[in-house]
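Asker: So that we are looking at the same thing, I have put the structure below in structure tokens.
The values are calculated or read from the model by the stated rules, or taken from the named source; none is laboratory data. Because the structure is a prediction, the values reported are computed rather than measured. For neighbour counting, all protein chains shown are included, and Cβ atoms are generated from backbone atoms with ideal geometry for every residue, glycine included. Keep in mind that these areas ignore ligands, DNA and RNA; they rest on the heavy atoms of the full protein, side chains included. Shrake-Rupley method; radii C 1.70, N 1.55, O 1.52, S 1.80 Å.
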Amino acid sequence: MRQLPLPVRLRDFALFETFEAGPNGAVVALLAAPAQAAPAAWVWGPPASGKSHLLQAACAAHAGAAYLPAAELWPGGPTTLAGWEDRSLVCLDDVDRLLGQRDWEVALFGLFNALWERGGCLVVSATTAPGAAGFVLPDLASRLAWGGVFRLEPLADDDRVAALRKRARHRGLELPEDVARYLLRRLPRDMRALCDWLDRLDTASLAAGRRLTMPFVREVIAAGRPERPVAPS
Amino acid sequence: MAAVWHQCLNRLRSELSPDQFNTYVAPLQAISEEGSLRLLAPNPYVVNWLQQHCLGRIRELARDNGGSAGPLEVTLDVGTRGLPAEAAAVSLPVMVSAPPGPPRSEFLSGARLNPDFTFESFVEGKSNQLARAGAFQVAENPGGSYNPLFLYGGVGLGKTHLMHAIGNRILERKPGARVAYVHSERFVSDMVRALQNNRMDEFKRSYRSLNALLIDDIQFFAGKDRSQEEFFHTFNALFEERQQIVLSCDRYPKEVDGLEDRLKTRFGWGLTVAIEAPELETSVAILMKKASLEGVTLPSEVAFLIAKRIRSNVRELEGALRRVIATSRFLDREITIEFAKKALGDLLSLQDRLVTIDNIQKTVAQYYKIRVADLMSKRRNRAVARPRQIAMALAKELTERSYPEIGDAFGGKDHTTVLHACKRIRDLRESDTRVREDYANLLRTLTA
């Protein structure tokens, strides 16, 4: 096991370099230069479509940025949205969790206005387009969509292979293309699950001192499968 | 001591993910004091996160790097350098320029009016002509006969733009003027904080010494009695001094529920003007103007395509344009009609899917508080016939269905009935304010 320096489990650093844009090049380019998206942009897509990765990457690339996952803000109540107005970019992940509740929406409105006054940008992610997000305040819905509404399109298989290899390379692993394609055929296909498997392969390869060859990967997957919960028949 | 923190930062930068570092660590302000390092965070959420994830490590690093100075005590609080936490929390309205003479309050700095929102960048059309003219008069002659100026209309139609334009123009003419643009939500939250921190005098002073107060979305005051009370006094103070007040709201002042009557009355003292959804031609002109400001060539047929599909509001139009521009920049492709259709694929199909005759009938029935069955019936009394005609005209405008198809969908009416309805509504929208407003509201609801 590798030693973690901090009590938080660090995921692969979410950077633009490890994000496979596939058909989503335009929104990736926009978030890489968020001044163009100011005052706000809305990024949406189903779970595991890369929203968090993209927002974290945008935050990692800009020194004055903040990345705020709604789930972590939630317990602290709407006042957690105060004190971010001096940032040049605020990325609010899963904003739809906060919508439909007046006090949260009012606080979010306050954050938007404060950022807007200062020329900052608010990028939010959600699982739906703004029209279906259940806003209480239509004025807020309209402002959050001001800089454009972008749907993250699912990656094609070739893009997934490229994404996996890119991620592996970033952590110093060589993942041959045929092995990546094999993973795609044998494992759950969403990128989050695939990346979790990449984690396990990384650990296994380190422990065994072996490279990610086809026979080794087959072995790890075969060994890994029974550990997963089995659905009741 | 500063070197210790610098070394901590370097280590943390390599140990945390870059987004965590930027979010939680980079904004910390470090103050070195005798044998201790005091860290100031912008809000309690950051303090909490650091306590849970990182403070132990910071203490460890400070101890290891302390050198001959011995062990350092590290404390973490909410605040800003030079200001106690509670002072930093109260932010009063933002002045655009420093008031001449007395020293600036420490709060009156930071934000400004958006310089892009001027009268020159405002696209005028039939829908917003009156509002623009009123706003321009106010900007040329603040505190004059149009006081207050009350702008009302739906979401994203340009109220905020006009307010900023007034502010910018007043400043252009009189550079030392004290102008503040404040969203009502901020007025309320600032007042609450000022009350909590016993700083009401300062709050009052700063609002009541303005030359122009531009206050947006006053429907946010609904049901907030204490804020209304305070705003009432602010209003009176400014009005008596003949300082300009500009208010915006999503509806006519008398129709705001939960707003005190004495405020409603005062809001009507000056000029009250509506701003409506732009007609197609204005939408097109807005798109062309925005595109040219971005340095992009937008063919007019593409502007028509976008404007025809997105009828709800100007912000949404701008959003769609931003997306087309972002895609074209990224792919380095010229913007053609095919390109725009592809770039806006889901947006356009979503609009297509949502607006069906069925949907129109339900929305119209709900709006006029009648039954959908009434729309399909043969009844001819005004309470039913007018909504039916409006629904037919909306169906013609928003769907691709033909006159006979629309007739069929309304309980088997003849196509000439639909034709007549469309013409009648077109005429009434010119001559009858009520019909014009109803039609605009329905159009907005259906395309939002």
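Asker: Tell me, which helices (runs of 4 or more DSSP H) lie completely within the stretch A:30-117 with 2 or more residues that are within 11 Å of another protein chain (Cβ to nearest Cβ) and surrounded by 20 or more Cβ atoms within 10 Å (Cβ to Cβ)? Before the answer, list the steps.
Answerer: Values: elements: A:51-61, A:70-73, A:102-117.
Counting at least 2 such residues, we get A:51-61, A:102-117.
Asker: Can you tell me how many residues within the stretch B:181-218 are assigned to a helix (DSSP H, G or I) and open to solvent by 10 Å² or more (accessible area, probe 1.4 Å)? It would help to see each step written out before you state the result.
Answerer: Taking the stretch B:181-218 as the starting set, the residues that turn out to be assigned to a helix (DSSP H, G or I) are B:184-196, B:200-208, B:218.
Within this subset, residues satisfying the condition of being open to solvent by 10 Å² or more (accessible area, probe 1.4 Å) are B:185-186, B:188-189, B:192-193, B:195-196, B:200-202, B:204-206, B:208.
Here the count works out to 15.
Asker: Related question: Residues of the stretch A:150-172 being open to solvent by 20 Å² or more (accessible area, probe 1.4 Å) and of a type in the set (A, V, I, L, M, F, W, C), which ones? Please lay out each step first, then the result.
Answerer: Step one: filter the stretch A:150-172 for residues open to solvent by 20 Å² or more (accessible area, probe 1.4 Å), giving A:151, A:153-160, A:162, A:165-167, A:169-172.
Of everything in the stretch A:150-172, those that are open to solvent by 20 Å² or more (accessible area, probe 1.4 Å) and of a type in the set (A, V, I, L, M, F, W, C) turn out to be A:LEU155, A:ALA156, A:ALA162.
Asker: Here is a further query. Name the residues in the stretch B:398-417 that are under 16 Å from B:ASP358 (Cβ atoms) and part of a helix (DSSP H, G or I), would you?
Answerer: Listed by number, the residues that qualify are B:LEU398, B:GLU405, B:ILE406, B:GLY407, B:ASP408, B:ALA409.
Asker: Kindly indicate whether any position in the stretch A:118-133 is within 23 Å of A:ALA35 (Cα to Cα), open to solvent by less than 20 Å² (accessible area, probe 1.4 Å) and hydroxyl-bearing (Ser, Thr, Tyr).
Answerer: Checking the stretch A:118-133: at least one residue is within 23 Å of A:ALA35 (Cα to Cα), open to solvent by less than 20 Å² (accessible area, probe 1.4 Å) and hydroxyl-bearing (Ser, Thr, Tyr).
Asker: Answer yes or no as to whether B:LEU171 is within 28 Å of B:PHE232 (Cβ to Cβ), away from chain A (no Cβ under 11 Å), surrounded by 23 or more Cβ atoms within 10 Å (Cβ to Cβ) and in contact with a Ser or Thr (Cβ under 9 Å, 6 or more places away or on another chain). Explain how you work it out, then say what you get.
Answerer: Values: within 28 Å of B:PHE232 (Cβ to Cβ): yes; away from chain A (no Cβ under 11 Å): yes; surrounded by 23 or more Cβ atoms within 10 Å (Cβ to Cβ): no; in contact with a Ser or Thr (Cβ under 9 Å, 6 or more places away or on another chain): yes.
It is false that B:LEU171 is within 28 Å of B:PHE232 (Cβ to Cβ), away from chain A (no Cβ under 11 Å), surrounded by 23 or more Cβ atoms within 10 Å (Cβ to Cβ) and in contact with a Ser or Thr (Cβ under 9 Å, 6 or more places away or on another chain).
Asker: Of everything in the stretch B:31-48, what is modelled with pLDDT of 90 or more, in contact with a helix residue (DSSP H, G or I) (Cβ under 8 Å, 6 or more places away or on another chain) and assigned to a strand (DSSP E or B)? Give them in sequence order.
Answerer: Passing the criteria: B:LEU39, B:ALA41.
Asker: Moving on to the next point. If you check B:VAL296 against the conditions, is it hydrophobic (A, V, I, L, M, F, W, C) and part of a helix (DSSP H, G or I)?
Answerer: Details: hydrophobic (A, V, I, L, M, F, W, C): yes; part of a helix (DSSP H, G or I): no.
Considered against the rule, which asks whether it is hydrophobic (A, V, I, L, M, F, W, C) and part of a helix (DSSP H, G or I), B:VAL296 comes out as no.
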